[in-house]
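Worksheet: the structure to be examined is printed underneath.
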Amino acid sequence: MANALEGTVALVTGASSGIGEATARSLAAHGAAVAVAARRRERLEALVAGIAAARGRALALEADVTDQQQAIGAVERAVEQLGRLDTVINNAGVMLLGSVADAPTEEWDRMIALNLNGLLYVSHAALPHLTRAAQEGPRRVADLVNVSSVAGRRATAGSGVYNATKFAVNAFTEALRQEVTERHVRVSVVEPGAVATELTDHLRPEVRERLRSGFQIERLQADDIADAIAYVVTRARHVAINEMLVRPTEQVR
């Protein structure tokens, strides 16, 4: 399956680190030209250079997908400069945990804006291009993969609004899947458990320390989730992986 995506174009959001960066590298290794979108341009340019050094093709798109016009612009620039759009990975997200009662509500706004609205904006802008790719593309199938979380399946104290955004992602994914699957646009959700990424760096110090002390297991690596996403999008045209939950072996919940 090394060249399964040859001749196709992918867009990955939140690509400046972690799962997004690893996924961009993986899709490029499978033959796709990859547009990588995030706010940190220097990191995007380093990623593009790394993909080019491995004989791949990539495009850096500095964009904040919480702004609808920037989300639309990222999709349109990917199509204009790379020629088409066959695969979209909605990976951009933030996890700001803590109890509801004492939460700074601006954290809620940030999570809703990025985890949910940004994903919706990119999906809406990409759908016409994905539909066209499924009709006319080299593989005659297109993929939209939303990166959710185990938190989108099970609510826990201290994660209420994060849970809410990820439950919403799962619901949106399934509803959209039903709308477009007969046109061979596959809509999938990948739900990681605990992954060693920068996600916890954004937590308030007291919340981060509490999470660290209560979660002493061997975590997944970003490449593990990138491998799962690559599996989803490299299936044959008649195979749709609708949902994939990936947890560390030691993670109970």
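Details
- In region 126-158, residue modelled with the lowest pLDDT [restricted to those that are hydroxyl-bearing (Ser, Thr, Tyr) and surrounded by fewer than 21 Cβ atoms within 10 Å (Cβ to Cβ)]: 156
- Residues satisfying the stated conditions in region 24-53, i.e. among the small types (Gly, Ala, Ser) and either crowded, with 16+ Cβ neighbours inside 10 Å or in contact (Cβ under 8 Å) with a residue 60 or more places away in the chain (or both): 24, 26, 28, 29, 31, 32, 33, 35, 37, 38
- Residue satisfying condition, being free of Cβ contacts under 8 Å to residues at least 24 places away in the same chain and either among the charged types (D, E, K, R) or touching a Lys or Arg at 6+ places or on another chain (Cβ under 8 Å) (or both), within set 62, 136, 76: 136
- None of 183, 177 is surrounded by fewer than 24 Cβ atoms within 10 Å (Cβ to Cβ), of a type in the set (D, E, K, R), modelled with pLDDT of 95 or more and out of contact with any helix residue (DSSP H, G or I) (no Cβ under 9 Å at 6 or more places or on another chain) except 177.
- In region 108-126, the residues that are under 29 Å from residue 86 (Cβ atoms) reach residues that are surrounded by fewer than 17 Cβ atoms within 10 Å (Cβ to Cβ) with C-beta atoms within less than 7 angstrom, at least six apart or across chains, in these pairs: 121/68.
- Matching residues in region 1-23 - criterion: being surrounded by fewer than 24 Cβ atoms within 10 Å (Cβ to Cβ), assigned to a loop (DSSP other than H, G, I, E, B) and in contact with an Asp or Glu (Cβ under 9 Å, 6 or more places away or on another chain): 7, 17
- Checking each residue in region 128-146 for being in contact with a helix residue (DSSP H, G or I) (Cβ under 7 Å, 6 or more places away or on another chain) and of a type outside the set (D, E, K, R) picks out 129, 131, 134, 141, 142, 144, 145, 146.
- The single condition from (1) closer than 28 Å to residue 240 by Cα; (2) at pLDDT below 95 that residue 123 fails is (2).
- Any chance residue 64 is within 21 Å of residue 165 (Cα to Cα), more than 16 Å from the chain's Cα centre (by Cα) and either of a type outside the set (A, V, I, L, M) or buried (at least 17 other Cβ atoms within 10 Å of the Cβ) (or both): no
- Failed criterion for residue 190 (all others in (1) under 20 Å from residue 156 (Cα atoms); (2) at pLDDT below 90; (3) within 18 Å of the chain's Cα centre (by Cα) hold): (2)
- Of the residues making up region 67-86, not a single one is β-branched (Val, Ile, Thr) and under 24 Å from residue 223 (Cβ atoms).
Rundown of residues vs (1) without any contact (Cβ under 8 Å) to a residue 24 or more places away in the chain; (2) surrounded by 17 or more Cβ atoms within 10 Å (Cβ to Cβ); (3) of a type outside the set (Lys, Arg), yes/no style:
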{"residue": "55", "(1), (2), (3)": "yes, no, no"}
{"residue": "68", "(1), (2), (3)": "no, no, yes"}
{"residue": "72", "(1), (2), (3)": "no, yes, yes"}
{"residue": "81", "(1), (2), (3)": "no, no, yes"}
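The values are calculated or read from the model by the stated rules, or taken from the named source; none is laboratory data. Nothing here was measured: the structure is a model prediction, and the numbers come from that model. So basically every Cβ, Gly included, is an ideal-geometry build from the backbone, and we count neighbours across all protein chains shown.
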